[in-house]
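The values are calculated or read from the model by the stated rules, or taken from the named source; none is laboratory data. As the structure is a prediction and not an experimental result, all values here were calculated from the model. Please note: Cβ atoms are built from the backbone with ideal geometry, for glycine as well, and neighbour counts cover all protein chains shown. SASA here: full protein model, heavy atoms, side chains in, ligands and nucleic acids out. Shrake-Rupley method; radii C 1.70, N 1.55, O 1.52, S 1.80 Å.
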Amino acid sequence: QVQLVESGGGLVQAGGSLRLSCAASGRTFSRYAMGWFRQAPGKEREFVAAISWGGGSTDYVDSVKGRFTISRDNAKNTVYLQMNSLKPEDTAVYYCAADASVVAVRYGSHYWGQGTQVTVSS
């Protein structure tokens with residue numbers, strides 16, 4: 001029903017910034033909540049942030065609050081993750097996800113992208 005493609009990852013020094021993008025295809029995109037997860041080597045996939053279809057509701061994992069901002073532009077069928085004040089512990093593959101609500105994204109997303117690598121050097 002929806003396909004997701006991430007971009008914007010790369011190598012950045014600690015304290016720097018990156019903006020991840022997730023381009024979605026599908027006629028029902030505007031009704032999906034969207035979110036971001038990340039997975040570091042040897043670690044479980046971790047929820048990062050989510051946003052409702054209209055943008056009025058957001059959720060973040062505690063470790064990124066105040067540093068990361070999730071947003072979406074439905075006219076471009078794209079969700080973003082602005083990452084500021086990056087830390088080495090933010091290093092991971094970041095995945096875009098979609099489901100019917102913010103809660104559904106956080107706890108059981110149905111749709112996933114293939115991921116983009118973010119590496120933060122010290």
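Residue by residue, what Karplus-based ³J(HN,Hα) values in Hz, rounded to whole numbers, does segment 56-65 have, using 6.51, -1.76 and 1.60 with θ = phi - 60° and x for Gly and Pro?
x, 10, 9, 8, 9, 5, 4, 5, 10, 4
How many angstrom lie between the C-alpha centres of segment 69-122 and segment 1-53?
Cα centroid to Cα centroid, the span is 2 Å.
So what is the 222 nm mean residue ellipticity for the chain from helices alone, if each DSSP H run of at least 4 adds -39500 (n - 2.57) and you divide by all residues, rounding to the nearest 500 deg cm²/dmol? Don't skip to the end; give the middle numbers.
Details: 1 runs with 7 residues, N = 122.
Computed ellipticity for the chain at 222 nm equals -1500 deg cm²/dmol.
Could you work out the relative contact order of the chain, using alpha carbon pairs under 8 angstrom and six or more residues apart, expressed as a whole percent?
Numbers: 317 pairs, mean separation 43.6, N = 122.
It rounds to 36 percent for the chain.
With each pseudo-label sitting 7 Å past Cα toward Cβ, what's the GLN3-ASN74 distance in nm, one decimal?
Output for this residue pair reads 2.3 nm.
Using a 1.4 Å probe and ignoring any ligands, DNA or RNA, find the accessible area of THR119 and quote it in Å² to the nearest 10.
50
So, for the chain, what is the accessible surface per residue at a probe of 1.4 Å, expressed in square angstrom?
On the way: 6330 Å² over 122 residues.
On a per-residue basis, 52 Å².
Set the Förster radius R0 to 30 Å, insert the Cβ-Cβ distance between GLN117 and VAL61 as r into 1/(1 + (r/R0)^6), and round the FRET efficiency to 0.05.
Values: r = 19 Å, r/R0 = 0.64.
After rounding, the FRET efficiency stands at 0.95.
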